[in-house]
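The values are calculated or read from the model by the stated rules, or taken from the named source; none is laboratory data. Owing to the predicted nature of the structure, the values given are computational and were not obtained by experimental measurement. As a convention, Cβ positions derive from the backbone with ideal geometry for all residues, glycine included, and neighbour counts pool all protein chains shown.
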Amino acid sequence: MLYRCELPVRYGDMDSNQHVNNTRYYQYLEEARILWLDGLGAHRREVGQGLVLLTCTHHFLRPVVHPNTVIVELFAGDVGRTSLSLDHRMFVKGQPELVGQGDVKMVWIDVSTQRPIPVPDSVRIAMGKEPLGET
């Protein structure tokens, strides 16, 4: 596991069926990824680089309702020269059953050119991969 965080479920996250709207799960996952990267010191905004999402798969296994706390766990997937993938699992705090799981694939880009650039060595190392020495 690379990272684990707890995120509050807000009342406004629910839909007319009285459970968390499916789009909110993707926001929880995005928040977990950003918190993980910021914790690595991958200062995306300050240096004009960051990630764009290529694919995001999430399997909805159980509904989540308010009030609750969602736990997101991130796991290292493949790391290429300019791309990386993360697997994720989601739980409700205090409950052992998965509420969702899936994966994402992202590309590291130069924000000004919108072109792929090498994944920073700090991220590669955190994911258990060898540094490229290019960043």
#### Entry: Scan of the range 48-97 for residues that are surrounded by 13 or more Cβ atoms within 10 Å (Cβ to Cβ), among the β-branched types (Val, Ile, Thr) and assigned to a strand (DSSP E or B), ordered by number
69, 70, 71, 72, 79, 92
### Task
Starting from residues that are closer than 24 Å to residue 58 by Cα and of a type in the set (Val, Ile, Thr), keep the ones in the range 98-118 and report whichever is surrounded by the most Cβ atoms within 10 Å (Cβ to Cβ).
104
## Note on the structure
Pairing a residue in the range 36-60 that is of a type in the set (Phe, Trp, Tyr) with any residue that is at pLDDT 90 or above, where Cβ atoms lie under 6 Å and the two sit 6 or more apart in sequence or on different chains, gives 36/3; 36/74; 60/100
### Message
If I ask for residues that are in a loop (DSSP other than H, G, I, E, B) and surrounded by 13 or more Cβ atoms within 10 Å (Cβ to Cβ), which ones from the range 2-27 would you list?
### Response
2, 19, 21
### Query
Which ones in the range 28-47 are closer than 20 Å to residue 105 by Cβ, of a type in the set (A, V, I, L, M, F, W, C), surrounded by fewer than 19 Cβ atoms within 10 Å (Cβ to Cβ) and over 12 Å from the mean Cα position of the chain (by Cα)?
40
### Task
Determine whether residue 100 is closer than 25 Å to residue 19 by Cα and free of Cβ contacts under 8 Å to residues at least 60 places away in the same chain.
no
